[in-house]
Amino acid sequence: MRAVVLVLDAKPDLAVLRKHYAPDHPLIAVDASGERPVTLESAGASQARFVVFPPVDPYVDLASVAAISRIAERLRAPDGCPWDREQTHASLRPHLLEEAYEALEALDSGDLERLRDELGDLLFQVAIHAQLAHEEGAFDIADVARRLGEKLIRRHPHVFEGVPIEGGDLLAQWERIKREERAGEGVLGGVPKDLPALFAAERLQERAARVRMVPPRIDLPVDVDDPEFLGELLFDLVGVAREQGFDAETALREANERFMKHVARVETRARTDGRALESYSADEMRALWDETTQ
């Protein structure tokens with residue numbers, strides 16, 4: 001988006017330049033005899049001391065995330081789209097949720113072209129929220145990308161640093177690193193409270209199981225041996241709840257809350273004992289769970 005002057009003190013990396021400039025983008029070579037037009041391919045063989053790269057159209061490279069961010073910025077500009085200009089984080093919340101569900105629906109359908117389009121809509125939601133935050137002086141899309149990159153590298157020391165997986169348990173290492181990042185948050189930290197209750201229950205139990213925290217279950221009089229039967233069982237449970245005047249979503253959400261409070265008690269006890277959750281064996285964790293039951 002700005003003019004760039006390249007000092008040709010070495011052969012330029014054309015692979016890098018091709019990512020930002022089209023092959024026919026007009027360039028200007030500068031040497032002692034003056035200026036002359038060149039192309040990207042001929043610039044590397046040029047004897048000129050300098051090559052000037054004029055600015056490109058900010059929307060020419062639509063395959064880049066940066067272009068999507070610039071589009072969001074343009075839509076929010078004073079002479080941009082009236083509807084986009086009046087949006088806030090709060091007003092866009094339902095759109096973000098809708099796009100996320102549409103992406104999931106496309107994923108379930110197996111239609112990859114549809115998934116591509118829905119992921120694009122979701123990406124734009126990220127870009128527009130980042131633009132709003134930038135206008136508020138908080139962060140921009142580059143900050144979002146940087147924090148994501150730092151987090152992914154930090155959480156995979158076995159990949160990027162060659163460090164052996166601690167204790168041989170990858171998921172336990174992942175949870176430990178996350179808790180270190182989020183000082184004060186427990187093993188269930190990061191599970192959104194606004195998730196549907198059933199989805200939240202699955203995520204909560206999954207997080208707890210990573211530190212061998214598996215609560216006792218109701219002994220069902222039937223065997224759940226395939227997804228279809230599981231679906232019918234859940235459907236029937238909702239029917240029973242409805243007939244009894246209960247709201248199944250609310251009942252499960254309250255069960256999730258009780259589970260989270262119990263996990264917090266287990267974590268408090270572990271801190272009192274001066275032990276990390278990962279250090280408990282399955283039997284020890286089961287006993288600790290029973291001891292913290294109210």
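The values are calculated or read from the model by the stated rules, or taken from the named source; none is laboratory data. Because the structure is a prediction, the values reported are computed rather than measured. A quick note on method: Cβ atoms are made from the backbone with ideal geometry, for glycine too, and the neighbour counts reach across all protein chains shown. These area figures cover heavy atoms from the full protein model, side chains too; ligands, DNA and RNA do not enter into them. Shrake-Rupley method; radii C 1.70, N 1.55, O 1.52, S 1.80 Å.
Miscellaneous remarks
- Cβ pairs under 6 Å, 6+ apart, first in region 123-141 and closer than 17 Å to S91 by Cα, second open to solvent by 60 Å² or more (accessible area, probe 1.4 Å) and among the aromatic types (F, W, Y): A133/F139
- Some residue of region 86-94 being in contact (Cβ under 8 Å) with a residue 40 or more places away in the chain, closer than 29 Å to L14 by Cα and surrounded by 15 or more Cβ atoms within 10 Å (Cβ to Cβ): no
- Residue list for region 195-218, filter: open to solvent by less than 50 Å² (accessible area, probe 1.4 Å), of a type in the set (D, E, K, R) and closer than 22 Å to L237 by Cα: none
- Qualifying residues in region 165-194 (those that are over 22 Å from R269 (Cβ atoms) and either touching a residue at least 40 places away in the same chain (Cβ under 8 Å) or touching a helix residue (DSSP H, G or I) at 6+ places or on another chain (Cβ under 7 Å) (or both)) - the one surrounded by the most Cβ atoms within 10 Å (Cβ to Cβ): Q173
- Looking only at region 237-250, and only at residues there that are part of a helix (DSSP H, G or I) and within 20 Å of A200 (Cα to Cα), the one that is most open to solvent (accessible area, probe 1.4 Å): L237
- For region 1-51, the tally of residues that are within 21 Å of A66 (Cα to Cα) and basic (K, R) stands at 3.
- Within region 163-187, the set of residues being under 17 Å from the mean Cα position of the chain (by Cα) and modelled with pLDDT of 80 or more comprises W174, I177, K178, E181.
- Any hit, region 26-44, residues being touching a residue at least 40 places away in the same chain (Cβ under 8 Å) and open to solvent by 50 Å² or more (accessible area, probe 1.4 Å): no
- Any helices (runs of 4 or more DSSP H) falling wholly within region 1-107 and containing at least 3 residues that are of a type in the set (A, V, I, L, M, F, W, C): 14-18, 65-76
- Looking only at region 276-294, and only at residues there that are touching a helix residue (DSSP H, G or I) at 6+ places or on another chain (Cβ under 9 Å) and of a type in the set (D, E, K, R), the one that is least open to solvent (accessible area, probe 1.4 Å): E278
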